[in-house]
Amino acid sequence: MLLSEIRRDDRYEGFLIVRSAEQRAAASGKNYLDMTLADCSGSINAKMWDGTVQPPVAGSIVKVRATGNEFNGRMQLRVEKIRAAEKKDNVDMSSLIPCAPHDPQEMLQQIIRAADRIADKDLRLITCELLDRAGDKLLTFPAAKQMHHAERSGLLHHMTTMLRGANAIMTVYTQLNPSLLVAGVIIHDLAKINEMDADALGLVSDYSIDGKLLGHIVRGVVNIQAAAEKTGASKAKALLLQHMVLSHHGIPDYGSPIAPKFPEAEVLNTLDTLDARMYEMNEALSRTMPGGFSEKVWGLDNRQLYRIPEDEITK
(Lines give C-alpha, C1' and ligand atoms only; values in the text may rest on other atoms or scores of the structure.)
Protein backbone atom coordinates (compact mmCIF):
# COMPACT_ATOMS: atom_id res chain seq x y z
CA MET A 1 0.00 0.00 0.00
CA LEU A 2 1.27 3.45 -0.94
CA LEU A 3 0.92 6.32 1.48
CA SER A 4 -1.41 8.12 -0.91
CA GLU A 5 -3.81 5.15 -0.72
CA ILE A 6 -4.10 5.00 3.07
CA ARG A 7 -7.50 5.71 4.54
CA ARG A 8 -8.86 5.77 8.08
CA ASP A 9 -8.35 2.51 10.01
CA ASP A 10 -6.24 0.94 7.24
CA ARG A 11 -3.44 -1.22 8.56
CA TYR A 12 0.00 -0.38 7.19
CA GLU A 13 3.32 -2.19 7.46
CA GLY A 14 6.28 -1.32 5.29
CA PHE A 15 9.41 0.72 4.72
CA LEU A 16 9.43 4.51 4.53
CA ILE A 17 11.92 7.36 4.28
CA VAL A 18 12.16 9.74 7.22
CA ARG A 19 11.83 13.35 6.08
CA SER A 20 11.78 14.81 9.59
CA ALA A 21 11.36 13.54 13.13
CA GLU A 22 11.37 15.09 16.58
CA GLN A 23 10.09 14.56 20.07
CA ARG A 24 7.36 16.93 21.17
CA ALA A 25 5.40 17.47 24.36
CA ALA A 26 1.65 16.89 24.39
CA ALA A 27 -0.75 19.04 26.44
CA SER A 28 -0.58 16.36 29.13
CA GLY A 29 3.17 16.88 29.40
CA LYS A 30 4.04 13.47 27.93
CA ASN A 31 6.44 13.27 25.04
CA TYR A 32 5.51 11.80 21.68
CA LEU A 33 7.28 11.29 18.36
CA ASP A 34 6.18 13.57 15.50
CA MET A 35 7.43 12.55 12.06
CA THR A 36 7.03 13.17 8.37
CA LEU A 37 7.44 9.89 6.49
CA ALA A 38 7.51 9.42 2.74
CA ASP A 39 7.40 6.98 -0.12
CA CYS A 40 7.26 7.49 -3.89
CA SER A 41 3.63 8.64 -3.71
CA GLY A 42 4.22 11.48 -1.25
CA SER A 43 4.60 12.12 2.45
CA ILE A 44 2.41 11.84 5.52
CA ASN A 45 2.46 13.05 9.10
CA ALA A 46 3.00 10.23 11.59
CA LYS A 47 2.76 10.20 15.37
CA MET A 48 4.00 7.64 17.86
CA TRP A 49 2.62 8.08 21.35
CA ASP A 50 5.68 6.66 23.06
CA GLY A 51 8.01 9.30 24.44
CA THR A 52 10.80 6.79 25.06
CA VAL A 53 11.48 6.22 21.35
CA GLN A 54 14.27 8.36 19.95
CA PRO A 55 13.60 10.22 16.69
CA PRO A 56 15.05 8.43 13.65
CA VAL A 57 17.57 10.36 11.57
CA ALA A 58 16.17 12.42 8.70
CA GLY A 59 16.96 10.69 5.41
CA SER A 60 17.08 7.23 6.98
CA ILE A 61 14.81 4.33 6.10
CA VAL A 62 12.57 2.80 8.73
CA LYS A 63 10.15 -0.10 8.92
CA VAL A 64 6.81 1.00 10.32
CA ARG A 65 3.70 -0.75 11.62
CA ALA A 66 0.82 1.72 11.86
CA THR A 67 -2.86 2.49 11.39
CA GLY A 68 -4.38 5.17 9.18
CA ASN A 69 -5.99 8.03 11.06
CA GLU A 70 -7.91 11.09 9.86
CA PHE A 71 -7.33 14.40 11.63
CA ASN A 72 -8.77 17.74 10.52
CA GLY A 73 -9.52 16.38 7.06
CA ARG A 74 -6.09 14.91 6.40
CA MET A 75 -4.58 11.49 6.76
CA GLN A 76 -2.04 10.59 9.41
CA LEU A 77 -0.32 7.43 10.60
CA ARG A 78 -0.62 6.29 14.18
CA VAL A 79 2.63 4.35 14.60
CA GLU A 80 2.77 1.32 16.84
CA LYS A 81 6.24 0.00 16.00
CA ILE A 82 9.23 1.49 14.25
CA ARG A 83 12.78 0.31 13.60
CA ALA A 84 15.69 1.18 11.35
CA ALA A 85 15.92 -0.75 8.10
CA GLU A 86 18.66 -3.37 7.94
CA LYS A 87 20.75 -4.54 5.03
CA LYS A 88 19.04 -7.92 5.03
CA ASP A 89 15.68 -6.20 4.42
CA ASN A 90 16.68 -5.57 0.79
CA VAL A 91 14.48 -2.50 0.62
CA ASP A 92 13.18 -1.61 -2.86
CA MET A 93 14.22 2.02 -3.05
CA SER A 94 12.17 2.65 -6.18
CA SER A 95 9.02 2.37 -4.07
CA LEU A 96 10.25 5.00 -1.63
CA ILE A 97 11.65 7.83 -3.67
CA PRO A 98 9.35 10.52 -5.08
CA CYS A 99 10.08 10.81 -8.80
CA ALA A 100 9.19 13.35 -11.45
CA PRO A 101 6.12 12.27 -13.45
CA HIS A 102 7.99 12.31 -16.77
CA ASP A 103 10.90 10.33 -18.19
CA PRO A 104 14.15 12.16 -17.31
CA GLN A 105 15.77 11.44 -20.70
CA GLU A 106 12.78 12.95 -22.49
CA MET A 107 12.82 16.01 -20.23
CA LEU A 108 16.54 16.50 -20.78
CA GLN A 109 16.08 16.29 -24.54
CA GLN A 110 13.35 18.96 -24.31
CA ILE A 111 15.78 21.26 -22.53
CA ILE A 112 18.65 20.55 -24.94
CA ARG A 113 16.43 21.19 -27.99
CA ALA A 114 15.21 24.46 -26.49
CA ALA A 115 18.79 25.55 -25.80
CA ASP A 116 19.92 24.65 -29.31
CA ARG A 117 17.07 26.74 -30.77
CA ILE A 118 17.99 29.93 -28.90
CA ALA A 119 18.34 32.45 -31.72
CA ASP A 120 20.88 34.72 -30.03
CA LYS A 121 24.31 33.15 -30.50
CA ASP A 122 25.87 34.47 -27.28
CA LEU A 123 22.95 33.42 -25.08
CA ARG A 124 22.91 30.02 -26.80
CA LEU A 125 26.64 29.52 -26.19
CA ILE A 126 26.37 30.37 -22.50
CA THR A 127 23.28 28.19 -21.99
CA CYS A 128 24.73 25.17 -23.78
CA GLU A 129 28.01 25.49 -21.90
CA LEU A 130 26.20 25.52 -18.55
CA LEU A 131 24.16 22.48 -19.57
CA ASP A 132 27.37 20.69 -20.54
CA ARG A 133 28.83 21.51 -17.11
CA ALA A 134 25.76 20.08 -15.40
CA GLY A 135 26.12 16.85 -17.36
CA ASP A 136 24.34 13.63 -16.46
CA LYS A 137 23.62 14.85 -12.92
CA LEU A 138 20.63 16.64 -14.40
CA LEU A 139 18.94 13.30 -15.06
CA THR A 140 18.41 12.57 -11.36
CA PHE A 141 19.03 15.84 -9.50
CA PRO A 142 16.19 17.23 -7.34
CA ALA A 143 15.28 20.93 -7.32
CA ALA A 144 15.31 21.14 -3.52
CA LYS A 145 16.10 19.24 -0.37
CA GLN A 146 12.61 19.42 1.13
CA MET A 147 10.48 22.01 -0.64
CA HIS A 148 9.21 22.21 -4.21
CA HIS A 149 10.28 19.49 -6.63
CA ALA A 150 12.21 17.61 -3.92
CA GLU A 151 12.05 14.49 -6.05
CA ARG A 152 14.25 12.42 -8.34
CA SER A 153 14.70 14.42 -11.58
CA GLY A 154 12.91 17.32 -9.88
CA LEU A 155 15.23 19.95 -11.35
CA LEU A 156 14.34 18.84 -14.88
CA HIS A 157 10.67 18.67 -13.92
CA HIS A 158 10.82 22.27 -12.69
CA MET A 159 12.71 23.48 -15.77
CA THR A 160 10.47 21.80 -18.35
CA THR A 161 7.26 22.98 -16.68
CA MET A 162 8.57 26.53 -16.58
CA LEU A 163 9.66 26.26 -20.20
CA ARG A 164 6.12 25.31 -21.26
CA GLY A 165 4.82 28.22 -19.20
CA ALA A 166 7.30 30.59 -20.85
CA ASN A 167 6.28 29.48 -24.35
CA ALA A 168 2.62 29.98 -23.47
CA ILE A 169 3.07 33.42 -21.90
CA MET A 170 5.11 34.66 -24.88
CA THR A 171 2.03 34.20 -27.09
CA VAL A 172 0.27 36.77 -24.90
CA TYR A 173 3.14 39.17 -24.19
CA THR A 174 4.75 39.25 -27.62
CA GLN A 175 7.20 41.97 -26.62
CA LEU A 176 9.22 39.44 -24.62
CA ASN A 177 12.55 38.32 -26.08
CA PRO A 178 12.36 34.53 -26.54
CA SER A 179 16.14 34.03 -26.52
CA LEU A 180 16.55 35.82 -23.20
CA LEU A 181 13.54 34.26 -21.47
CA VAL A 182 14.26 30.69 -22.59
CA ALA A 183 17.92 31.01 -21.60
CA GLY A 184 16.90 32.38 -18.21
CA VAL A 185 14.45 29.54 -17.59
CA ILE A 186 17.05 26.90 -18.43
CA ILE A 187 19.93 28.30 -16.39
CA HIS A 188 18.24 29.95 -13.40
CA ASP A 189 18.53 26.93 -11.07
CA LEU A 190 21.38 24.96 -12.66
CA ALA A 191 23.75 25.94 -9.85
CA LYS A 192 21.65 23.89 -7.42
CA ILE A 193 23.86 21.06 -8.62
CA ASN A 194 26.71 22.91 -6.84
CA GLU A 195 24.51 23.83 -3.88
CA MET A 196 23.42 20.38 -2.70
CA ASP A 197 24.95 16.95 -2.22
CA ALA A 198 22.56 14.48 -3.87
CA ASP A 199 23.06 10.83 -4.74
CA ALA A 200 22.02 8.99 -7.91
CA LEU A 201 18.61 8.30 -6.34
CA GLY A 202 17.91 12.03 -6.10
CA LEU A 203 18.15 12.12 -2.32
CA VAL A 204 19.88 15.16 -0.80
CA SER A 205 22.06 14.36 2.21
CA ASP A 206 22.98 17.98 2.95
CA TYR A 207 23.91 21.29 1.43
CA SER A 208 27.47 21.37 0.10
CA ILE A 209 30.13 23.71 1.46
CA ASP A 210 29.61 25.75 -1.71
CA GLY A 211 25.89 25.84 -1.02
CA LYS A 212 26.29 26.89 2.59
CA LEU A 213 28.82 29.61 1.83
CA LEU A 214 27.43 30.93 -1.47
CA GLY A 215 24.10 29.35 -2.44
CA HIS A 216 22.83 28.64 -5.93
CA ILE A 217 22.07 32.27 -6.79
CA VAL A 218 25.60 33.58 -6.23
CA ARG A 219 27.15 30.40 -7.62
CA GLY A 220 24.92 30.76 -10.68
CA VAL A 221 26.25 34.26 -11.34
CA VAL A 222 29.84 32.99 -11.06
CA ASN A 223 29.12 30.07 -13.39
CA ILE A 224 27.62 32.38 -16.04
CA GLN A 225 30.75 34.52 -16.02
CA ALA A 226 32.97 31.44 -16.40
CA ALA A 227 30.80 30.13 -19.26
CA ALA A 228 30.91 33.48 -21.06
CA GLU A 229 34.69 33.68 -20.72
CA LYS A 230 35.16 30.13 -22.02
CA THR A 231 32.86 30.58 -25.03
CA GLY A 232 33.82 34.16 -25.83
CA ALA A 233 30.23 35.27 -25.43
CA SER A 234 29.27 38.90 -25.00
CA LYS A 235 29.84 40.26 -21.49
CA ALA A 236 26.80 42.51 -21.86
CA LYS A 237 24.53 39.56 -22.58
CA ALA A 238 26.10 37.53 -19.78
CA LEU A 239 25.27 40.43 -17.47
CA LEU A 240 21.59 40.19 -18.43
CA LEU A 241 21.55 36.49 -17.54
CA GLN A 242 23.37 37.20 -14.29
CA HIS A 243 20.69 39.73 -13.36
CA MET A 244 17.97 37.17 -14.13
CA VAL A 245 19.60 34.64 -11.81
CA LEU A 246 20.15 37.25 -9.09
CA SER A 247 16.53 38.42 -9.23
CA HIS A 248 14.61 35.21 -9.91
CA HIS A 249 13.47 34.90 -6.27
CA GLY A 250 12.00 38.38 -6.51
CA ILE A 251 12.83 40.00 -3.17
CA PRO A 252 15.51 39.85 -0.45
CA ASP A 253 13.18 37.95 1.91
CA TYR A 254 13.22 35.05 -0.57
CA GLY A 255 16.94 35.23 -1.28
CA SER A 256 17.27 37.65 -4.18
CA PRO A 257 19.49 40.68 -3.46
CA ILE A 258 17.82 42.66 -6.24
CA ALA A 259 14.35 42.87 -7.81
CA PRO A 260 13.78 42.15 -11.55
CA LYS A 261 14.60 45.19 -13.67
CA PHE A 262 13.45 44.17 -17.16
CA PRO A 263 10.41 42.23 -18.43
CA GLU A 264 12.10 38.86 -19.05
CA ALA A 265 13.51 38.89 -15.52
CA GLU A 266 10.05 39.72 -14.13
CA VAL A 267 8.44 36.87 -16.05
CA LEU A 268 11.16 34.46 -14.92
CA ASN A 269 10.45 35.34 -11.29
CA THR A 270 6.70 34.96 -11.86
CA LEU A 271 7.07 31.57 -13.57
CA ASP A 272 9.45 30.31 -10.90
CA THR A 273 7.10 31.38 -8.09
CA LEU A 274 4.03 29.98 -9.83
CA ASP A 275 5.58 26.60 -10.57
CA ALA A 276 6.91 26.23 -7.03
CA ARG A 277 3.54 27.15 -5.48
CA MET A 278 1.54 24.87 -7.77
CA TYR A 279 3.83 21.99 -6.86
CA GLU A 280 3.51 22.69 -3.13
CA MET A 281 -0.28 22.94 -3.45
CA ASN A 282 -0.61 19.72 -5.42
CA GLU A 283 1.56 17.86 -2.92
CA ALA A 284 -0.39 19.12 0.10
CA LEU A 285 -3.81 18.54 -1.48
CA SER A 286 -2.87 15.00 -2.56
CA ARG A 287 -2.69 14.17 1.16
CA THR A 288 -5.98 15.92 1.99
CA MET A 289 -9.46 14.43 1.99
CA PRO A 290 -12.01 16.09 -0.38
CA GLY A 291 -13.83 18.83 1.52
CA GLY A 292 -11.03 19.06 4.09
CA PHE A 293 -8.11 21.36 4.76
CA SER A 294 -4.45 20.46 4.39
CA GLU A 295 -1.78 20.76 7.01
CA LYS A 296 -0.04 24.13 7.19
CA VAL A 297 2.27 24.42 4.21
CA TRP A 298 5.52 26.10 5.24
CA GLY A 299 6.46 27.00 1.68
CA LEU A 300 3.13 28.82 1.30
CA ASP A 301 3.40 31.01 4.40
CA ASN A 302 1.84 28.29 6.56
CA ARG A 303 -1.45 28.42 4.70
CA GLN A 304 -3.95 25.59 5.06
CA LEU A 305 -5.36 24.67 1.66
CA TYR A 306 -8.90 23.55 0.90
CA ARG A 307 -9.42 20.53 -1.34
CA ILE A 308 -12.53 21.16 -3.40
CA PRO A 309 -14.53 17.93 -3.93
CA GLU A 310 -14.24 16.88 -7.57
CA ASP A 311 -18.00 16.65 -8.07
CA GLU A 312 -18.66 20.11 -6.62
CA ILE A 313 -17.80 22.12 -9.74
CA THR A 314 -18.24 21.08 -13.38
CA LYS A 315 -14.99 21.27 -15.32
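The values are calculated or read from the model by the stated rules, or taken from the named source; none is laboratory data. Every value quoted in this text rests on a predicted model; they were computed, and no experiment measured them. As a convention, Cβ positions derive from the backbone with ideal geometry for all residues, glycine included, and neighbour counts pool all protein chains shown.
Select from the range 280-297 the residues that are surrounded by fewer than 19 Cβ atoms within 10 Å (Cβ to Cβ), at pLDDT below 90 and in a strand (DSSP E or B) and list them in ascending order.
Matches in the range 280-297: K296, V297.
Can you find a residue that is outside any strand (DSSP E or B), surrounded by fewer than 19 Cβ atoms within 10 Å (Cβ to Cβ) and either without any contact (Cβ under 8 Å) to a residue 24 or more places away in the chain or among the small types (G, A, S) (or both) anywhere in the range 14-24?
Taking the range 14-24 as the starting set, the residues that turn out to be outside any strand (DSSP E or B) are none.
No, that holds for no residue.
I'd like to check something: does the range 229-252 contain any residue that is modelled with pLDDT of 95 or more and among the acidic types (D, E)?
yes
Go through L176, L130 for me and flag whichever is in contact (Cβ under 8 Å) with a residue 12 or more places away in the chain and either part of a helix (DSSP H, G or I) or within 20 Å of the chain's Cα centre (by Cα) (or both). Lay out the reasoning, then the answer.
Numbers: L176 fails: either part of a helix (DSSP H, G or I) or within 20 Å of the chain's Cα centre (by Cα) (or both).
Within the list L176, L130, the selection yields L130.
Residues of the range 39-78 being closer than 28 Å to A100 by Cα and part of a loop (DSSP other than H, G, I, E, B), which ones?
Across the range 39-78, the qualifying residues are C40, S41, P56, V57, A58, G59, S60, G73.
Looking at the range 205-238, which of its residues are crowded, with 22+ Cβ neighbours inside 10 Å and either of a type in the set (K, R) or not in a helix (DSSP H, G or I) (or both)?
Matches in the range 205-238: A233 only.
If A265 passes every condition in (1) at negative phi; (2) loosely packed, with under 15 Cβ neighbours inside 10 Å; (3) not charged (D, E, K, R) but one, which one does it miss?
The number of the failed condition is (2).
I need the full set of residues from the range 229-285 which are without any contact (Cβ under 8 Å) to a residue 12 or more places away in the chain and among the acidic types (D, E), in order please.
E229, D253, E266
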